[in-house]
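Heads up, the thing below is written out as structure tokens.
Laboratory data are not the source of any read-out in this text; all were calculated from the coordinates shown. Note that the structure is a prediction, hence the values are computed from the model and not measured. Because the Cβ atoms are built from the backbone with ideal geometry, glycine has one as well, and the counts that use them run over all protein chains shown.
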Amino acid sequence: HLSSAWFHTFRMPIIRTNCSNNFGPYQFPDKLIPLIIMKAMQNEQIPIYGDGSNIRDWLYVEDHVEALILSATKGKIGSNYCVGGNNEKSNLEIANSICEILDQKLPRKNSYKSLIQFVEDRPGHDKRYAINSDLIKKELNWYPKYEFNNALENTIDWYIKNKKWVEKVSKKN
């Protein structure tokens, strides 16, 4: 709101962006996707709020970075570009996808899905986050390049290879 006010009041040249949920390498381990990956690899219960039906749109971080650069270099001053991945998935779908990939990459006796545990939902937890990215597509011809399942698999591979990084940043927190 502040940047919008400065644009309208003082003609400060601003371009704003809003995005859907990001995922990828180096994401802090308390976020949903890395949390599920790490809990599964440590053979711990995977907590899923409520019945797991909360929906989010997911955007791979590399696509977001490209959208930010494109918005900054080609965007129209005063515009607000919404950046979405066109990947609306429930939290339970995300957990199941991660478990299926881990079942292939790090097989164990039982499926990682057996670690999923439903926990009490947070008060006021939004059921769905969505974003309309039509403007950035129309004005800047931006579209996500990464297919969700491939990006998720790349993310899982990164966390498998970088357990020490996760431990280090988790201890600092």
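Straight-line reach from LYS171: which aspartates and glutamates fall under 15 Å, measuring Cα to Cα and dropping same-chain residues less than 8 apart?
List returned: ASP30.
Among LEU106, LEU32, LEU152, which one shows the biggest mean-square fluctuation in a GNM of the chain, springs joining Cα atoms closer than 10 Å?
LEU106
Kindly provide the pair-distance distribution of region 127-173 built from C-alpha pairs, with 5 Å bins from 0 and whole-percent values in order of increasing distance.
Values per bin, smallest distances first: 5, 16, 12, 14, 15, 15, 13, 9, 2.
Please grab the % of Cα pairs in the chain that end up more than 28 Å from each other.
33 percent
Please work out the FRET efficiency for the pair LEU135 and PHE10, using the Cβ-Cβ distance as r and a Förster radius of 25 Å; give the result to the nearest 0.05.
0.60
Of LYS89, LYS109, LYS31, which is the most mobile in a GNM of the chain whose springs link Cα atoms less than 10 angstrom apart?
Of LYS89, LYS109, LYS31, the most mobile in the Gaussian network model is LYS109.
Two-decimal Rg/Rh of region 1-72 from alpha-carbon positions, Kirkwood Rh?
Answer for region 1-72: 1.16.
Which whole-number percent gives the relative contact order of the chain, counting Cα pairs below 8 Å spaced six or more residues apart?
Relative CO of the chain lands at 32 percent.
Label LYS172 and ASP121 with points 7 Å out from Cα along Cα→Cβ: what is the distance between them in nm?
3.5 nm
Excluding same-chain residues fewer than 8 positions from LYS137, which lysines have a Cα within less than 28 Å of its Cα?
Candidates past the 8-residue exclusion: LYS31, LYS74, LYS76, LYS89, LYS127, LYS145.
Based on the Cβ-Cβ distance from GLU93 to ALA72, what FRET efficiency comes out when R0 is 22 Å, to the nearest 0.05?
On the way: r = 33 Å, r/R0 = 1.49.
After rounding to 0.05, the efficiency reads 0.10.
Pull out the extension gain between PHE28 and ASP103, defined as 0.36 nm times the separation in residues minus the alpha carbon to alpha carbon distance; nm, one decimal.
24.7 nm
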